[in-house]
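Asks: Before I ask anything, here is the structure I am working with.
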Amino acid sequence: MPAANGDNEQQKHTEIKMNTTTPISTVTLSRMVEHIVAGRATSDGAGVKLTRVLTHDLQQRLDPFLMLDAFGSENPDDYIAGFPDHPHRGFEAVTYMIAGRMRHRDSAGHEGLLENGGVQWMTAARGVIHSEIPEQEEGVMEGFQLWLNLHSSEKMNAPWYRDFQNADLPQWVTPQGVAVTVIAGESHGIKGAVTREITQPLYLDLHLPRGARFEQVLAPTHNAFLYVYRGEITVSGQSIPAQRMAILTNTAAADGVVLQASTDAKVLLIAGQPLNEPIVQHGPFVMNSAQEIHQALSDFRAGRLGEMPPA
Ligand code: FE2
């Protein structure tokens, strides 16, 4: 995927200056909460403890999203081993580091240090082998990894990588004091750090003061969900506590979602256009058929998925 596809830096600076005059668009009918999900405690990589919030059984429902992991611990034993070299094919992995430092290296030659509010967007496409290793021996490490599927026509494209420091991410504040970081998509005229034509992902981090309201327009065809990582919010009268994901209804007449903060709250709002294609996952490979998974495995075993550059 060409780098230009994910680069809205010029536009970002212009639009952020226009903040104060940007009208707050109105949602006439909010989506509702269909289901609240607690996630499942698990570990991955070399023993990193995490909560898998978006699990395998929700992949069709939340198409084009395949996985959301939340990690957060102040105990180094929970994260110190990180994620040594491992392969991926067929999707994009978006890591949002709330606190902590993690270094990424991959077989396509990309390297980046992800820290304190930064985002790493890695399009594995036809294949990368990468490592994600903490660069801290103590303190809090907290963040999220979201997997976003690729359309069948994009799965064998060249890999792509970009990382953003927190200061590079488009951010704005509503008149009610809601701080909005636009990682992907568009919110109230502010374009995100990354855009994708087919899946049209929206990825917002919202910091809401108690009592504040936030409205976000959503395309009716998009699947959407929220993850509350601090405090508590309500959507259409339904309360969503911390460490819970709320899957939002796909109501044809609803034109967005309205969040109301019951306490100071921090929330991820994620939405995207479903691909409506078969999803066949085998560990770190997500393709459209069993045959393509066999191909991925044999490419990996034969060293055709990519090789790590020397340290
Ligand atoms: Fe990975």
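Asks: Is it the case that E142 is touching a residue at least 40 places away in the same chain (Cβ under 8 Å), assigned to a strand (DSSP E or B) and either within 14 Å of the ligand (Cβ to nearest atom) or aliphatic (A, V, I, L, M) (or both)?
Replies: no
Asks: Mind checking whether some residue in the range 49-61 is closer than 20 Å to R103 by Cβ and of a type outside the set (F, W, Y)?
Replies: Yes, the range 49-61 contains at least one residue that is closer than 20 Å to R103 by Cβ and of a type outside the set (F, W, Y).
Asks: Then there's this: Exactly one condition in (1) modelled with pLDDT of 95 or more; (2) within 20 Å of V194 (Cβ to Cβ); (3) more than 15 Å from the ligand (Cβ to nearest atom) is not met by D69; state its number.
Replies: Failing condition for D69: (3).
Asks: Condition first: crowded, with 18+ Cβ neighbours inside 10 Å and on the phi < 0 side of the Ramachandran plot. Now tell me which residues in the range 38-50 satisfy that.
Replies: V48, L50
Asks: Is there a residue being more than 16 Å from the ligand (Cβ to nearest atom) and among the β-branched types (V, I, T) anywhere in the range 238-245?
Replies: Looking through the range 238-245, at least one residue is more than 16 Å from the ligand (Cβ to nearest atom) and among the β-branched types (V, I, T).
Asks: Given the residues A41, A46, which is the only one that is in contact with a Phe, Trp or Tyr (Cβ under 8 Å, 6 or more places away or on another chain) and either in a loop (DSSP other than H, G, I, E, B) or more than 16 Å from the ligand (Cβ to nearest atom) (or both)?
Replies: Matching residue, one of A41, A46: A46.
Asks: Here's another thing I want to ask about it. Among what's in the range 245-265 and is surrounded by fewer than 24 Cβ atoms within 10 Å (Cβ to Cβ) and among the β-branched types (V, I, T), pick the residue that is farthest from L218 (Cα to Cα).
Replies: Ranking the candidates gives T263 first.
A quick yes/no check of all residues on (1) in contact with a Ser or Thr (Cβ under 7 Å, 6 or more places away or on another chain); (2) in contact (Cβ under 8 Å) with a residue 60 or more places away in the chain:
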site	(1), (2)
M156	no, no
F164	no, no
D168	no, yes
T174	no, yes
V180	yes, no
H188	yes, yes
K191	no, yes
D205	yes, yes
F214	yes, no
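Asks: Further question on the same structure: How about the range 198-311: which strands (runs of 3 or more DSSP E) wholly inside it have at least 3 residues that are under 24 Å from F91 (Cα atoms)?
Replies: Strands (runs of 3 or more DSSP E) meeting the threshold: 202-208, 223-230, 244-248, 265-272, 280-282, 285-287.
Asks: Please name all residue pairs, on different chains or six or more residues apart, with Cβ atoms under 7 Å, provided the first residue is in the range 106-122 and is in contact (Cβ under 8 Å) with a residue 60 or more places away in the chain and under 15 Å from Q145 (Cβ atoms) and the second residue is within 16 Å of the ligand (Cβ to nearest atom) and aromatic (F, W, Y).
Replies: Sorted first by the residue in the range 106-122, then by its partner, the pairs are D106/Y161; V119/Y96.
Asks: Which is more than 16 Å from the ligand (Cβ to nearest atom), farther than 20 Å from I270 by Cα and either modelled with pLDDT under 95 or surrounded by 17 or more Cβ atoms within 10 Å (Cβ to Cβ) (or both), of A184, A158?
Replies: Just one listed residue meets the conditions, A158.
Asks: A follow-up question, please. Of everything in the range 161-181, what is of a type in the set (S, T, Y) and within 16 Å of the ligand (Cβ to nearest atom)? Give them in sequence order.
Replies: Y161
Asks: To continue, here is another question. Considering every residue within the range 118-125, establish whether at least one is small (G, A, S), part of a strand (DSSP E or B), surrounded by 15 or more Cβ atoms within 10 Å (Cβ to Cβ) and at pLDDT 95 or above.
Replies: Looking for residues that are small (G, A, S), part of a strand (DSSP E or B), surrounded by 15 or more Cβ atoms within 10 Å (Cβ to Cβ) and at pLDDT 95 or above, one finds at least one in the range 118-125, hence yes.
Asks: Separate question: Only one residue in I98, I133, I80, I129 is away from the ligand (no atom under 16 Å from the Cβ) and in a strand (DSSP E or B). Which one?
Replies: Residue meeting the stated conditions: I98.
The values are calculated or read from the model by the stated rules, or taken from the named source; none is laboratory data. Not measured: the values here are computed from a predicted model. No Cβ is skipped: glycine too gets one built from the backbone with ideal geometry, and neighbour counts run over all protein chains shown.
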